[in-house]
Amino acid sequence: MTSLLAQWNYFLVIILMMLGFYAVIARGNMVKKMIGLNIFQTSVFMLYISMGKVSNGTAPILTGDSSTVYSNPLPHVLILTAIVVGVATTAVGYALIIRIQESFNTIEDDEIIELMDDDEAASEGRAS
Amino acid sequence: MGFIIDATLIAFLALIAISALRRKRLFGMVMLSGAFSLVAATLFLVLDAVDVAFTEAAVGAGISTVLALATLSLVPAEEKPHSIAIVPAFLALTTGLLLSIAVSDLPEFGAADAPIHNHVAPEFIIGSEEKIGVPNVVTSVLASYRGYDTLGETVVVFTAAIAVLLIIGGWTRRETETAESTEDDHAG
Amino acid sequence: MQDDPVIRVIAKVLIPTMMLFALYVQFHGDYGPGGGFQAGVIFAAAFILNATVFGLNRGRHVWPARLNLLGVALGVLIFGGTGVATMVLGENFLSYNALSDDPIAGQHLGILLVEFGVGLTVAAVMVALFFAFAGRVSHVRLLNKTRAHEKTLAEKAKGAAND
């Protein structure tokens, strides 16, 4: 129980992560999937940043005082770049959603699968 | 004290996330996702990651909301009604349980003697002062110690922009016109 | 929105301030929170605000697409070029010590150049993404309008033929 209390931050972040994960795999609407992916992504960032935290530490900007405790700067660097890369890849996802909407006139994945099955059946019928 | 602040912020985040996922209208969902990013930025600030908080506030709450809104003006405004899906919910619960078991092996939250604080991080903090002379350790690690990594990330951002421009950019006028005419042919 | 005087005036005050703040974040990143990634995004946000308030065409006029593409590539080139320069000067790739006689001055110069490259790429990429998405929206609207117009024309012609 003591260890559970000592790691509360990680467990709370995992709950957030699973909310995002559920949205990605359960929802058929592609924009909703992307939002779920964003929530998932941000939660993973929180997990990393939690690991870098040192109790009674301060932000890793040197003060010149040798007794200052700094939090770990390495996770900050990794996540900083990951956020910007994340938005760039999210933009690719939205661009694909726009193209899908223009081609299929829907962004619900079950409807798209139906349309593709119809298309396939039609082309097979033509071939035979 | 730290526990109360963090737990309150994470509870806010969970509330926003659940409310965003329950929403049928996509517009409200996108705005809530922007709010999620803003609260997440506050949490990063509490956890001493000032640079990350800055980036999350500018990118997550700003640019990504703008891009999502631009997408929304081209797609249907509402989601098809769904009931709670049992299998994905079960999968998410199982994954969460497995992750919780894995996480319980991690060192205590905030422990100063955790392995990640004792290997490269002290070198970065000392070296940033003596060898590089830049007070912001995050900048010196980002640009100097892990320069390869940052170069790679910059190339990823570059590639993503090229990909978006190729997918929806309308690279030149003539090319978009041919794309339209083929679409029309397909529709006709 | 383009006719609202409040938004127009506030935007005119805000846009230069945002750009100045972006430059501050860019070049003060060594001493406080900030750096190329954040500065690039804030700089791009100024152009995005300009385009949302004053219209896409005026936004494009201020920041032409060709110049933007050049910025996207030039940022990565500056970053990689700094690495190649250190190699030419006899050190490893991205070892900024070689850039100056004093290692610390070399590191400062190297970090400044690299952060500038990152900032340029990120700013240009964000502006490019916004214009790509917003351009698609106005493109599709125009297309729908033309199609509706063609439809009414065709119906009119049909009606005339029936008469």
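So the values come out like this:
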item	result
Longest to shortest principal axis, alpha-carbon extents of chain B, angstrom	68, 44, 26
Fewest-first sequence of C:Trp63, A:Trp8 by Cβ atoms within 10 Å of each Cβ	A:Trp8, C:Trp63
Exposure proxy order (Cβ contacts within 10 Å, fewest to most) of B:Ser73, B:Ser128	B:Ser73, B:Ser128
Dipole magnitude of chain C, debye to nearest 20 (Cβ charges: Lys/Arg +1, Asp/Glu -1, about Cα centre)	1140
By average C-beta atoms within 10 angstrom, highest first, the peptides B:55-65, A:97-107	B:55-65, A:97-107
Radius 13 Å from Cβ of A:Gly20, net charge of other residues (Lys, Arg +1; Asp, Glu -1)	+3
Relative contact order [Cα under 8 Å, 6+ residues apart], segment C:6-163, whole percent	25
Entries of A:Lys32/C:Lys145; A:Lys33/C:Lys145; A:Lys33/B:Lys80 with Cα pairs more than 19 Å apart	A:Lys32/C:Lys145; A:Lys33/C:Lys145
Relative contact order of chain B, pairs being alpha-carbon contacts under 8 Å that are 6 or more residues apart, as %	12
Euclidean distance between Cα centres, segment C:90-124 to segment C:13-78, Å	21
Candidates A:Asp118, A:Asp109, A:Asp65: whichever shows maximal mean-square fluctuation once chain A is modelled as a Gaussian network with Cα springs under 10 Å	A:Asp65
GNM flexibility winner over chain C from C:Met18, C:Met87, C:Met126 (Cα, springs under 10 Å)	C:Met87
Chain B, helix-only ellipticity at 222 nm - DSSP H runs n ≥ 4, -39,500 (n - 2.57), divided by all residues, nearest 500	-21500 deg cm²/dmol
Highest-MSF residue in chain A out of A:Leu74, A:Leu115, A:Leu62 [GNM, Cα springs under 10 Å]	A:Leu62
Surrounding net charge for B:Val50, when Lys and Arg each add one and Asp and Glu each subtract one, Cβ distance under 13 Å	-2
Positive-end extreme of charge dipole, chain A - chosen from A:Gly86, A:Phe45, A:Trp8 (charges on Cβ)	A:Trp8
Rounded to whole Å, sorted largest first: equivalent-ellipsoid semi-axes of segment B:1-79, Cα gyration tensor	26, 16, 5
For chain A: relative contact order, % (alpha-carbon pairs under 8 angstrom, 6 or more apart)	21
Stokes-Einstein translational diffusion, the protein assembly as shown - Kirkwood Rh over all Cα pairs, 1.306 mPa s, 10 °C, in µm²/s	65
Average beta carbon contacts from partner chains per residue of C:105-114, 10 Å cutoff	4
Descending semi-axes in whole angstrom, ellipsoid equivalent of chain A, from the Cα gyration tensor	46, 18, 9
Partner chain coverage, peptide C:134-142 - average Cβ within 10 angstrom	5
Alpha carbon centroid spacing (whole Å) that separates segment B:20-84 from segment A:19-92	14
Axial C-alpha extent at least 18 Å, average Kyte-Doolittle at least 1.6 - helices from chain B (DSSP)	B:2-22, B:26-46, B:86-103, B:147-168
Chain C: C-alpha pair distances exceeding 25 Å, %	50
Sorted by Cβ density within 10 Å, fewest first, the residues B:Asp51, B:Asp105, C:Asp30	B:Asp105, C:Asp30, B:Asp51
Environment charge of B:Ser73, counting only residues whose C-beta is closer than 10 Å and scoring Lys/Arg +1, Asp/Glu -1	+2
Peptide B:84-92 - average C-beta neighbours from other chains (10 Å radius)	4
Per residue, the convex hull volume that the Cα atoms of segment A:44-103 enclose (Å³)	77
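All of the numbers you see were taken from the coordinates with simple rules; none came from a lab. The structure presented is a predicted model; accordingly, all values stated were derived computationally and were not measured. As a convention, Cβ positions derive from the backbone with ideal geometry for all residues, glycine included, and neighbour counts pool all protein chains shown.
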